[in-house]
Amino acid sequence: MIRLALTKGRIEAEAVKLLESAGYDCSDMDEEKRGRRLIFHTDGGELEIVLAKAGDVLTYVSHGVCDAGIVGSDTIAEQGSDACELLDLGFGRCRFALAGKAGEWKGIGHRRLVIASKYPNVTRRFFARRGADVEVVKIEGSVELAPLLGLADAIVDIVETGSTLRANGLEVYEDIADVSARLIFNMASIKLKKSETDIFVRRMRAAVGV
Ligand code: PRP
């Protein structure tokens, strides 16, 4: 059995759809059955699926208590990970972008900018590549508020449809990097559960179409 940590929320439904098309019966996760449970089993007993927050998926896989994980590359970019990234799953597509109030971006310039983000490490790396020293303020969610309230000159956030930015009078100043859901594996699990890992990855690859 492979124990798979699955990021709950945004990418969960797409991940379950992909698992189903890879031939794993996830009916244990059906709305009417699940209640507040966090651990599920595929009908054939091949997978134990653990629902966790994105950052915790990386922690469980890194500690080896979960063999594999499905998590956004945004979280991997922010937290770093010693897990092995085996597959781009092709869903959960969005991008990191620098954004702020429409028509107000004056470039990096000479003044020390304040940038708000849920992704302080990604933000620091982006500005370091530009040789710019910025003040990064960590925000937990609804980052779009920061420039509107006057806390920050701009934000670094994930943009999917762009509707949150538009609805709040903000715009993308610059695209930073593409993001998508990834299948990651604990290095030791790849070796210790080689045949199960091979079967799982082969079936997931076929479902993704790569
Ligand atoms: C993300 C992100 C943006 C929004 C982008 O937030 O931080 O706010 O989605 O999506 P869009 O381009 O399709 O509008 P999320 O919904 O995860 O909530 P949060 O900001 O409270 O974390």
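Observations on the model:
- Residue 113, sole failed condition from (1) over 26 Å from residue 141 (Cβ atoms); (2) surrounded by 18 or more Cβ atoms within 10 Å (Cβ to Cβ); (3) more than 21 Å from the chain's Cα centre (by Cα): (1)
- Long-range neighbours under 8 Å by Cβ, at least six apart or interchain, first residue over 9 Å from residue 101 (Cα atoms) within the stretch 164-175, second part of a strand (DSSP E or B) and basic (Lys, Arg): 175/95
- Considering the stretch 148-175, the residues that are touching a Leu at 6+ places or on another chain (Cβ under 7 Å) and away from the ligand (no atom under 12 Å from the Cβ) include one that is nearest to residue 121 (Cα to Cα), namely 154.
- Every residue from the stretch 130-163 that is without any contact (Cβ under 8 Å) to a residue 40 or more places away in the chain, within 14 Å of residue 98 (Cα to Cα), assigned to a helix (DSSP H, G or I) and not aliphatic (A, V, I, L, M): none
- Going through (1) surrounded by 14 or more Cβ atoms within 10 Å (Cβ to Cβ); (2) not assigned by TED's automatic domain parsing to the domain that holds residue 16 one by one, residue 135 falls short only on (1).
- Residue list for the stretch 125-147, restricted to those being within 13 Å of the ligand (Cβ to nearest atom) and within 23 Å of the chain's Cα centre (by Cα): 138, 139, 140, 141, 142, 143, 144, 145, 146
- Every residue from the stretch 1-37 that is among the acidic types (Asp, Glu) and under 18 Å from residue 60 (Cβ atoms): 12
The values are calculated or read from the model by the stated rules, or taken from the named source; none is laboratory data. Note that the structure is predicted; figures quoted are calculated from it, not measured. Heads up, the Cβs are rebuilt from the backbone with ideal geometry, glycines too, and the neighbour counts pull from every protein chain shown.
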